[in-house]
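Presented below is the structure to which this report refers.
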Amino acid sequence: MEELKLRINTLLKATENWLNGDNHYLMDAIDRTVREGYFSFEDTQYAIRAIKEGITKSRIEEWCERAEINDGTDASGQNVLCLHAGNLPLVGFQDAFATLLSGARYTGKISKKDPYLLPTFLNEVKKTELWTDMDVQWTHRLDDFEGMRHDAILFAGSESSVPSVKKAIEEYNLAKQDGRYLIRTAHFSIAYLDQKDDQTMQDLAEAILRYGGKGCRSAAIVVSPYGLDEMKSDLVDFARSFWQENPQHLEPSPKLRQQYAYNEAVGRTQCWFDYFLVQEDGLELDQDFVCYWVQGDEQTVADLAEMYGQQLQSIYVTQSDNKIPDWQERTELLANAQQPPIHWQPDSVDTLAWLKD
């Protein structure tokens, strides 16, 4: 276990150095990210704070134990290519951390939508003793790695983008003949709201509105025994409170106002926030900045989960004893919606365990 202990301690040290308030490289990356319009300062700080609070030695050791990672069963010797998404600040951090923790050689294609933040962490890794035993490299252009063949490839994106990604990997000869792919395509989550106390409503506002609702862990559907008309007043209050501290970074297209006007015309209950829309029923999931409210119970949640299948990331509940029939493995607490643990399982796959296998 000595090599694994060294990796854990070194990655913890690299993370600590990276998040240190005196790290001017990270401060500059945050400044450029905000100044050049990639993400808001509030969302960027939130993402960094979530990592800082989530990375502890005990949690990393627990993750390794659960994934059955040790010196004899890890990914040492493998070359792993991470094609990082850029829809949220630092959304690719877990893939990078898991790859390094597994013992594999890390190659990263950094998204042009989030170009500055993750490289500052990777630079801290390069400064550590781990760098002497492991190759860590990254670029913003996939063709920079042409001819470098990898044992495993991690990719997160829409189902429609998978063929073009695989075509590019083949074109640049980036995968070995027996190379494995871990492709994540889930893009939204469901919240089950059976309580309406202040803390629960605050958690719901965060789950819906953080990052403009654009993350796969964002709640795009709310199922509740309460109708939207009954909850409108509270929802408006907590949404306004959230936006006072976390202004929405992007403005929606005119199509969103057209949707609002259509809802008005057909008499559909809705909450209109100028930059975001919550509407009852009319499930389409065809545009950003919309959350759908469905009156129902736990079985309604299970039926929707079955309907959307691989598009669904997580199901959020207000209490740990809430049971969603046949979907317990996707169930998480609403309070953790936008702040998952480092060892969370995207699309129900443990990344660290997958790399080992």
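The values are calculated or read from the model by the stated rules, or taken from the named source; none is laboratory data. Quantities reported herein were computed from a predicted structural model and do not represent experimental measurements. With ideal geometry, Cβ positions are generated from the backbone for all residues, glycine too; neighbour counts draw on all protein chains shown. These area figures cover heavy atoms from the full protein model, side chains too; ligands, DNA and RNA do not enter into them. Shrake-Rupley method; radii C 1.70, N 1.55, O 1.52, S 1.80 Å.
Looking at this structure, is residue 59 of a type in the set (D, E, K, R), open to solvent by less than 20 Å² (accessible area, probe 1.4 Å) and more than 18 Å from the chain's Cα centre (by Cα)? Full working, then the answer.
Details: of a type in the set (D, E, K, R): yes; open to solvent by less than 20 Å² (accessible area, probe 1.4 Å): no; more than 18 Å from the chain's Cα centre (by Cα): yes.
So residue 59 fails the test.
Looking at the stretch 337-355, I want the residues that are within 14 Å of residue 67 (Cβ to Cβ) and of a type in the set (D, E, K, R) and have a partner that is open to solvent by less than 20 Å² (accessible area, probe 1.4 Å) and assigned to a loop (DSSP other than H, G, I, E, B) with Cβ atoms under 7 Å, at least 6 apart or on another chain. Which pairs are those?
From the stretch 337-355, the pairs are 350/67.
Could you grab me the full set of residues in the stretch 307-357 that are hydroxyl-bearing (Ser, Thr, Tyr) and touching a helix residue (DSSP H, G or I) at 6+ places or on another chain (Cβ under 7 Å)? Walk me through it before giving the result.
Of all residues in the stretch 307-357, those hydroxyl-bearing (Ser, Thr, Tyr) come to 308, 314, 316, 318, 320, 331, 348, 351.
The answer is 314, 316, 318, 348, 351.
Any residue at all in the stretch 3-22 that's more than 19 Å from residue 341 (Cβ to Cβ), touching a residue at least 40 places away in the same chain (Cβ under 8 Å), in contact with a helix residue (DSSP H, G or I) (Cβ under 8 Å, 6 or more places away or on another chain) and not in a helix (DSSP H, G or I)?
no
Kindly state which strands (runs of 3 or more DSSP E) lie completely within the stretch 146-221 and contain at least 3 residues that are more than 20 Å from residue 84 (Cβ to Cβ).
175-184, 188-192
What strands (runs of 3 or more DSSP E), lying completely within the stretch 282-354, carry at least 3 residues that are open to solvent by 20 Å² or more (accessible area, probe 1.4 Å)?
Qualifying strands (runs of 3 or more DSSP E): 331-333.
Filter the stretch 96-120 for residues that are over 21 Å from residue 9 (Cβ atoms) and outside any loop (DSSP other than H, G, I, E, B); which is farthest from the chain's Cα centre (by Cα)? Step through it out loud before you land on a result.
Narrowing the stretch 96-120 to residues over 21 Å from residue 9 (Cβ atoms): 107-119.
Applying the additional criterion that residues be outside any loop (DSSP other than H, G, I, E, B) yields 107-109, 117-119.
Values: 107: 20, 108: 17, 109: 17, 117: 15, 118: 14, 119: 18 Å.
Ranking the qualifying residues of the stretch 96-120, first place goes to 107.
Cβ contacts < 6 Å: first residue outside the structural domain of residue 47 (by the TED database), restricted to the stretch 246-266; second residue small (Gly, Ala, Ser), any location; separation 6+ or different chain. Result?
Pairs found: 248/212; 249/40; 250/212.
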